[in-house]
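Asks: Would you mind keeping the following structure in view while I ask a few things?
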Amino acid sequence: MSVPEVNPSENRPENPEPATASAHLADASAPTPTEWLAMPDLVDVLDEALGRVRRLIDEHYLVGSRRTGVFAVPSVFIVDGSPLPSLRGTIIVLQDAGFSDDEVIDWLLAPEEELGRSPIDALLAGHKSSVRRIARTLA
């Protein structure tokens, strides 16, 4: 699959979305925007075999959903070609609180008043303890 070449000045939005986690702090009331990666995309992005990608999901390093009919994982859960390290423990805390995989994803991407941003943005910024403290109260 080849990607067509595009002149950098063409099709550029007026305010392009910054590539950093702190960019989402501008509008703390909006869910964190994310692209969804299906299994073939995950294999490419993670540069792992399909079996290893499935194991990462089974072992809660990643969490996904079949909302669109195809199993997919939010791309924001992957940083530098690997699952976000602080994500696994947070997923486990939320699942222990009774959250389904869809509810885990929704909670991670939705704005959280106590954090002043979404939990995934806080995790990306290195605030694992604050996120897990709030997650523990949800049981």
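The values are calculated or read from the model by the stated rules, or taken from the named source; none is laboratory data. Predicted model, so just to flag it, every value in this text is computed and none were measured. We place every Cβ from the backbone using ideal geometry, glycine too, and count neighbours over all the protein chains shown. Heads up: the accessible areas ignore ligands, DNA and RNA and are worked out on the full protein's heavy atoms, side chains in. Shrake-Rupley method; radii C 1.70, N 1.55, O 1.52, S 1.80 Å.
Asks: Count the net charge of all other residues whose Cβ sits under 12 Å from the Cβ of Glu59, scoring Lys and Arg as +1 and Asp and Glu as -1.
Replies: Charge balance in the 12 Å sphere: +3.
Asks: Ok, one more. With a probe of 1.4 Å, find how much accessible area segment 29-139 has per residue, and write the answer as a whole number in Å².
Replies: 51
Asks: Only four residue types carry charge here, +1 at the Cβ of Lys and Arg and -1 at the Cβ of Asp and Glu. Report the dipole size of segment 51-91 about the Cα centre in Debye, rounded to the nearest 20.
Replies: I would put it at about 160 debye.
Asks: Net charge around Asp102, counting only other residues with Cβ within less than 15 Å of its Cβ (Lys, Arg = +1; Asp, Glu = -1)?
Replies: -1
Asks: Gain in length, Glu103 to Leu50, computed as 0.36 nm per residue apart minus the alpha-carbon separation, to one decimal in nm?
Replies: Between Glu103 and Leu50, full extension yields 16.6 nm more.
Asks: Rounded, prolate or oblate: which fits segment 67-139 when a ≥ b ≥ c are the square roots of the eigenvalues of the alpha-carbon gyration tensor, with rounded for a/c under 1.5 and prolate only if a/b beats b/c?
Replies: Since a/c reaches 1.5 but b/c is at least a/b, the shape of segment 67-139 is classed as oblate.
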